[in-house]
Amino acid sequence: MTSDCSASPTVSCRQTLQEVMRLMAARGLKGMDVVDEHGRVLGRCTWRLMLWAAADGLDRSMTIGEALTVLSDEGETKQEGVCAETPDVESGLKPTDELERLRLELEETHRLAETMKTVLDAAYEGVVVVDEDGVIREINRAYCQFLGIRREEAIGKHVTEVIENTRLHICVQSGIPERGYIQKIYGQPMVVHRIPIWRDGKVIGAVGMLIFQGVSEVYEIFRRLQELSREASRKEKQETGAKKQEEIASAPKGIERIIGRHPAIAAVKQMIRRAARVPSTVLITGESGTGKEVVARAIHEAGSHADGPFVSVNCAAIPESLLEAELFGYEDGAFTGAKKGGKPGKFQLADGGTLFLDEIGDMPLAMQAKILRVLEEKKVEKVGGLSGAEVDVRIIAATNKPLEEMVQNGTFREDLFYRLNIIRIHLPPLRERKTDIPALLAYHMERMCRQFGVAAKTFAKEAMEVLVNYSWPGNIRELVNVVEWLIGMVEGEKVERDHLPPYLSTIRTATASLPDGGVNIADQWKEMVYQSERERIAAALVAAGGNKAEAARRLGIHRSTLYEKLKKYGL
């Protein structure tokens, strides 16, 4: 120990790291000697030591003597960092500059940690944070008071040792958020949220929140809502329709239907909110099965036309000869076989509401011109009619085809494209938002089990890994079909990896075996997808006994789409 060190201020080895940090910061000291109860110098404490302690995650309640011992045991490099005041050669900073920088960084880290702890402790709800192993890393004062423990008794323990009937460790394994669940703690039912924490595509922990001090408040709110619902039902419908009305009322509305927290989906939800503010035409693009109609309904229900009807038309499913009559309606005797008295078209049926034109890229050029005229004039003329009728309709169009390329090729009208493309919303494929797959699987599994009246099923960790890593070429529509298949085929209440359809694992394995380079990788991948879809269609036909309408229903696609695929695959 040098004379400079012996002349410096001293601190007792029994004082905590936090106390020493505050003392050094308050006095502006660069270092202090650590002495025992007899005044003997045990070592020197510097800001570099404080930084090592913070980097190693040492508890601020640890004594400075213990910290010196721990850091000394971990290697000579840290020992040198404890007492040495050498310049940083690479950065060219002087020792005093480097120490000042480290001191400021440590103070900022300390302030941030104190701020977060203050926020957590001030929260009315109980909050607990666990890591990927289910070990408690943080718990706030409200939760500790409810459990009747001190924070120090919970930190570092597995969550099951501290919180009764918890599922936070299961939430970490599955990656599935659980919101609004009932959990019994000390015999009292509690309302809780369990939310996984994702980073770089992996679950690294979870946050548990105790929302109410009990469920009595929830029951009271639910009771009041029931009373209001019954009162409204008496005015609007007979008592026989009350049950159906309650089911409709409890179903997700608008943006709530869109499941997911991925940044791409968050951006889509923000676009929906903005599009709902104005009556402008919206064009929704994205691969087949990504949920374009769900987005269209969300815009309708959040917009000014929400009180009007939502009418959907699949432009690819209606023969060209009937499309005009279907959209605009027809007068009595307009053509052979016309219904007596005529028929209103989809535009008139959607008056005051929203008309959703799905698969707009498949609309014939002649019909595109008529649609453009309606958009410009806000009038429709029935087939065989002599005059037009004004309509107040918001148009939302959707397609999975590249309209810009079609405009260049002359297969889609440029003027109609610009008229439709006022507000553009693109839906990402499911393979680009894998962190949403667990939540989507859990949501549709719960919904269908309730709809079919069967016991709820959960996913084993190994099964969930396969489902998350699968490419989902059919997107959400394919995911829903897989969930429905699992509900019918799996006997128990847990879906294991062996229960999954073989092609889910086969495609993944085959993909992993592809070479790292080469020009044929894309072709090999397309061939595997081709074979997989062909096998699924063939299996659906067999299960439906050759009935194509039933097979299309099982596959979740329109019958006209099935005919196209049958022709494509030679089935």
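The values are calculated or read from the model by the stated rules, or taken from the named source; none is laboratory data. All values reported here derive from a predicted model rather than from experimental measurement. Glycine gets a Cβ as well: all are built from the backbone with ideal geometry, and neighbour counts include every protein chain shown. Accessible surface areas use protein heavy atoms only, side chains included; no ligands, DNA or RNA. Shrake-Rupley method; radii C 1.70, N 1.55, O 1.52, S 1.80 Å.
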Report summary line: Of those in region 169-185 that are modelled with pLDDT of 85 or more and aliphatic (A, V, I, L, M), the residue farthest from GLY201 (Cα to Cα) is ILE170
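Could you identify the single residue in GLU161, GLU152, GLU132 that is over 20 Å from ASP59 (Cβ atoms) and surrounded by fewer than 19 Cβ atoms within 10 Å (Cβ to Cβ)?
One residue alone meets the criteria, GLU132.
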Query raised in the report: Does ILE318 satisfy the criteria of being without any contact (Cβ under 8 Å) to a residue 24 or more places away in the chain, within 27 Å of ILE476 (Cα to Cα) and either assigned to a helix (DSSP H, G or I) or aliphatic (A, V, I, L, M) (or both)?
Result: yes
Query raised in the report: If a residue has to be within 24 Å of ILE371 (Cβ to Cβ) and outside any helix (DSSP H, G or I) to count, how many in region 257-303 make the cut?
Result: 14
Query - Candidate set from region 485-503 (those that are in a helix (DSSP H, G or I) and in contact with a helix residue (DSSP H, G or I) (Cβ under 6 Å, 6 or more places away or on another chain)); member that is most open to solvent (accessible area, probe 1.4 Å) - result: ARG497
Requested in this report: Filter region 352-367 down to residues that are on the phi > 0 side of the Ramachandran plot and among the polar types (S, T, N, Q), then give me how many there are.
Outcome: 0
**Report entry** Residue that is nearest to the chain's Cα centre (by Cα), among those in region 470-503 that are under 19 Å from ALA551 (Cα atoms) and of a type in the set (A, V, I, L, M)
**Finding:** ILE476
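Within the group LEU17, LEU29, which residue is closer than 16 Å to GLU107 by Cα, in contact with a Pro (Cβ under 7 Å, 6 or more places away or on another chain) and crowded, with 16+ Cβ neighbours inside 10 Å?
Exactly one residue qualifies, and that residue is LEU29.
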Report task. Considering only residues that are of a type in the set (A, V, I, L, M, F, W, C) and crowded, with 18+ Cβ neighbours inside 10 Å, look in region 455-465 and name the one that is nearest to the chain's Cα centre (by Cα). Result -> MET464
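Do the conditions hold for GLU390, that is, is it over 30 Å from VAL203 (Cα atoms), of a type outside the set (Phe, Trp, Tyr) and at pLDDT below 90?
Yes.
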Query raised in the report: Out of all the residues in region 324-372, which are basic (Lys, Arg), buried (at least 18 other Cβ atoms within 10 Å of the Cβ) and at pLDDT below 85?
Result: LYS343
Report summary line: Per the filter on region 373-397, residues buried (at least 17 other Cβ atoms within 10 Å of the Cβ) and not in a strand (DSSP E or B) are VAL374, GLU381, LYS382, VAL391, VAL393
Query raised in the report: Inside region 40-60, can you point out the residues that are assigned to a loop (DSSP other than H, G, I, E, B) and in contact (Cβ under 8 Å) with a residue 12 or more places away in the chain?
Result: ASP56, LEU58, ASP59, ARG60
Query raised in the report: If you take the residues of region 51-67 that are of a type in the set (Gly, Ala, Ser) and either surrounded by 14 or more Cβ atoms within 10 Å (Cβ to Cβ) or in contact with a Cys (Cβ under 8 Å, 6 or more places away or on another chain) (or both), which of them is farthest from ARG101 (Cα to Cα)?
Result: GLY65
Query raised in the report: From the list ASN409, ASN400, which residue is touching a residue at least 40 places away in the same chain (Cβ under 8 Å), out of contact with any strand residue (DSSP E or B) (no Cβ under 6 Å at 6 or more places or on another chain) and open to solvent by 30 Å² or more (accessible area, probe 1.4 Å)?
Result: ASN400
Query - Enumeration of residues in region 532-562 that are under 21 Å from LEU504 (Cβ atoms) and of a type in the set (Lys, Arg) - result: ARG534, ARG536, ARG554
